[in-house]
Amino acid sequence: MTPRLLALLPLAVGINLAMSEIVAFTGLPVYLDTVGTVLVAALVGLVPALITGLLSQVTMTLMLGNSMWLAFLPVQLAVALLAAFAVRRAGFNSWASAAVWGLAVGLVAATMAWPIAYAVFGGVTATGTTAIATVLNQIGTPLGLAVYLASLSTDLADKLITFLVVRTLLKSLPIRLAARFPEAARALGTSG
Amino acid sequence: MIGYVQRDSILHRAHPTTILWLAILFTTAAFTQPATVVAFVASAGVALPFLARSQSVLKSGAVVLSPLLFFAVLLHGILGHDPERAVLLGSRLIILVMVFLTVVAVVHPGRLVDAITERGVRFSIAYLFAASLTAVPAMRERARLVVTAQRCRGLRVGRSAWAKLRALPPLLIPLVVSSLESVDARSVALAVRGAHGATRRTPIDPPADSAMQRLLRLLILMICMVLVWLRLTR
């Protein structure tokens, strides 16, 4: 673990958990709590992104005092893995590409989160998602499907915006700063 | 967010790893035992803040648990007509929240880092953990400052989804770029302190441990294994 990574990863964790301040100001119904993880994948690659995801989930558990979030660690790790894969495929080289990758990651995240949310917690997780599932269940949707659809609706929007945000950030990096992170050029499809 | 609450209690004086093992025991019971046992364990979990002399944990727990318990009762007890499942889920949620809120309240992050460093864990791993815990409040404060500064510069959030999305770049770019700018200086500071080295470090004042606590942790491990075995053979 280089000093550079030791300096970068906690900042990325801080970005993940500080996104709630930004989201609250804008009023968007998303979490954006993987922006830091996806950014690290784009800047330095897979393993640091996985570590960022792990640290974020553990830190969130400790800071919120709710160990329920630890159960969703596989979802964070899957997001890191797919983000790194997107970087290798220059997934951030256009808005359309970033959007497609965001939706794909959202689909995978929702599908992975569903068995955890339903089987382990009976569909009772984050308040907003649970409220959507309750409404769907009330109009006749089986609870399992209602939980999945609620998770899908939030995850698709969340990861779509996350990937678009990360592309914006990568495009906005000053040249001097971008030069320190060669992987960013690969993510944008501008490397040689 | 709740954090460490300084008190003088039996839980505060315990070794940090003992507290973590206690939390693991409660969590194992929550996911391996039937509803009646889990409900009993949940009531023991609610008693932990009193052992920690931190009634603020109860208030924080009530705030976190209220919506979750509401939906657990509504979805499963009332709409699902399965009160036993409602009791199981509700008890499980109470354990997950109350036990970990207590852990956070009685275990100082610095003590935990000293404890795991003393066990031989590499400094870089301990540093990542501790630095993440301290980075979060600092980053939140920085985010608040960015929001205030941009609002002073005329940033307004419209009502439409597109207007809300357009507000993200002027908030996120300053936050992230300024954070990335600080990586170089931080990495130099870490390098001169040998943070990436493999040398085992010695904490100046490690948390006190005892044979009794080591025995207790071993006992907890054995109980967890029995609970899992009972679940698998049921």
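Each reported figure results from applying straightforward, stated rules to the coordinates on display, with no laboratory input. Computed from a predicted model, the values in this text were never measured in an experiment. Cβ placement follows ideal geometry from the backbone for every residue including glycine, while neighbour counts extend to all protein chains displayed.
For the reader, a short list of remarks on this structure follows.
- Residues of type lysines that B:LYS59 reaches as a straight line, Cα spacing below 29 Å, ignoring anything fewer than 8 places off in the same chain: none
- Note on chain B: with a GNM built from Cα contacts shorter than 10 Å, the maximum mean-square fluctuation among B:LEU22, B:LEU165, B:LEU145 falls on B:LEU165.
- Packing here is the average count of other Cβ atoms within 10 Å per residue, and on that basis the peptides B:127-138, B:99-110, B:215-226, A:77-88, highest first, run B:99-110, A:77-88, B:127-138, B:215-226.
- For region B:14-88, averaging the sequence separation of C-alpha pairs within contact (under 8 Å, six or more residues apart) and dividing by the residue count gives a relative contact order of 28 percent.
- Evaluating 6.51 cos²θ - 1.76 cosθ + 1.60 at θ = phi - 60° for every residue in region A:79-91, the Karplus couplings come out as 4, 4, 4, 5, 5, 5, 5, 4, 4, 5, 9, 6, x Hz, glycine and proline recorded as x.
- Nearby lysines by direct alpha-carbon distance to A:LYS171 (threshold 26 angstrom, same-chain neighbours under 8 apart not counted): A:LYS159, B:LYS164
- Between the alpha-carbon centres of region A:1-54 and region B:185-234 there is a gap of 26 Å.
- Listed peptides A:170-180, B:177-187 by packing density, highest first (mean Cβ within 10 Å): B:177-187, A:170-180
- With the helix formula -39500 (n - 2.57) applied to DSSP H stretches of n ≥ 4, chain A reaches a computed 222 nm mean residue ellipticity of -24500 deg cm²/dmol.
- Shown here for region B:1-97: chymotrypsin sites (Phe, Trp or Tyr not before Pro) in loop regions (DSSP other than H, G, I, E, B) with at most 16 other Cβ atoms within 10 Å, namely B:TYR4.
- Here the ratio of the Cα radius of gyration of the protein assembly as shown to 2.2 N^0.38 Å is 1.02.
- Average other protein chain Cβ within 10 Å of Cβ, residues B:161-168: 5
- Distant-in-sequence amide contacts of B:ASP209, defined by a placed amide H-H separation under 5 Å and a gap of 5 or more residues or a different chain, comprise nothing.
- For region B:11-27, backbone phi angles converted through the Karplus equation (6.51, -1.76, 1.60; θ = phi - 60°) give residue-by-residue couplings of 6, 5, 7, 5, 5, x, 5, 5, 5, 5, 5, 4, 5, 5, 4, 4, 5 Hz, Gly and Pro being listed as x.
- Taken about its Cα centre, region B:55-120 carries a charge dipole of about 80 debye when Lys and Arg each add +1 at the Cβ and Asp and Glu each add -1 at the Cβ.
- A simple rule links phi to the HN-Hα coupling: the Karplus curve 6.51 cos²θ - 1.76 cosθ + 1.60 with θ = phi - 60°, which for region A:39-44 gives 4, 5, 4, 6, 8, 10 Hz, with x for Gly and Pro.
- The mean number of Cβ atoms from other chains found within 10 Å of a Cβ in peptide B:56-68 is 2, as a whole number.
- Angle in degrees between helix A:143-172 and the longest Cα principal axis of chain A, rounded to the nearest 10: 20
- Region B:28-54-region B:135-180 distance, computed between alpha-carbon centres (Å): 41
- Of B:PRO206, B:PRO170, B:PRO83, the residue with the greatest mean-square motion in the GNM of chain B, using alpha carbon springs below 10 Å, is B:PRO170.
- Averaged over the residues of B:186-194, the number of partner chain Cβ atoms lying within 10 Å of the residue Cβ comes to 4.
- Around the amide H of B:SER9, modelled in the peptide plane, lies no amide H under 5 Å away from a residue 5 or more places distant or on another chain.
- Sorting B:111-121, A:30-40 by their mean Cβ neighbour count within 10 Å, with the most densely packed peptide first, gives A:30-40, B:111-121.
- Rounded to the nearest 500, the 222 nm mean residue ellipticity of chain B from helices alone is -25000 deg cm²/dmol, with -39,500 (n - 2.57) taken per DSSP H run of at least 4 residues.
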